[in-house]
Amino acid sequence: QVQPVESGGGSVQAGGSLRLSCAASNNIYSTNYVGWFRQAPGKEREVVAAISPGGGITYVADSVKGRFTISRDNAKNTVYLQMNDLKPEDTAMYYCARGSSVTGRNWFNPAVYSYWGQGTQVTVSS
């Protein structure tokens, strides 16, 4: 399965935590960068974080730095997004995507990523 599959979304109160998972049935994540993006109603899609094939390089958007952590377990073909201290402004549909041409200068660009999951909803209440 080349398309990522997200899970772990849900509803949580402000200050709570969620861990999102992005999985595939093959080992595509061992050779591709993986990114997390989110999109709220009426807003453009924005990057959240990205991780290199081996997991040694990570990027996190300033808006979530210090609260969100991206990691990967290639043996399980899974990338995780640990979200702590969630805020109402984090409410969005979260998407996992895979790309083979991501660099430190374009990791934030959705156009770099070739395959996208269906999304998982995260709702944070006040």
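The values are calculated or read from the model by the stated rules, or taken from the named source; none is laboratory data. Here the structure is a predicted model, which means the values were calculated and not measured. Neighbour counts run over all protein chains shown; Cβ positions are idealised from the backbone, glycine included. The protein model used for the area step is the full one, side chains on, heavy atoms only, and it has no ligands, DNA or RNA in it. Shrake-Rupley method; radii C 1.70, N 1.55, O 1.52, S 1.80 Å.
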With a 1.4 Å probe and every protein chain left in place, work out the accessible area per residue of the chain in Å², rounded to a whole number. 48 Å²
Express in % the proportion of alpha carbon pairs of segment 1-75 at distances exceeding 18 Å. 46 percent
For residue 46 and residue 19, FRET efficiency with R0 = 35 Å and r from the beta-carbon atoms, rounded to 0.05? 0.95
Need the C-alpha centroid separation for segment 80-116 versus segment 1-22, integer Å. 12 Å
Just going by the charge dipole of the chain, with Lys and Arg at +1 and Asp and Glu at -1 on Cβ, which of 100, 123, 78 is farthest out on the positive end? 100
Carbon and sulfur atoms account, in whole percent of the 1.4 Å probe accessible area of segment 26-126, for 48 percent
Restricting things to alpha carbons, tell me how big the chain is in terms of Rg and Dmax, in Å. 13.3, 39
Where labels lie 7 Å past Cα in the beta-carbon direction, separation of residue 84 and residue 58 in nm: 1.0 nm
Summed side-chain charge close to residue 91 - residues other than residue 91 whose Cβ falls under 11 Å, Lys, Arg +1, Asp, Glu -1: +1
Charge tally for neighbours of residue 69 with beta carbon under 12 Å away, counting Lys, Arg as +1 and Asp, Glu as -1, is +3
How big is the charge dipole of segment 1-100 about its Cα centre, in debye rounded to the nearest 20, if each Lys and Arg gets +1 on its Cβ and each Asp and Glu gets -1 on its Cβ? 140 debye
Summed side-chain charge close to residue 34 - residues other than residue 34 whose Cβ falls under 10 Å, Lys, Arg +1, Asp, Glu -1: +2
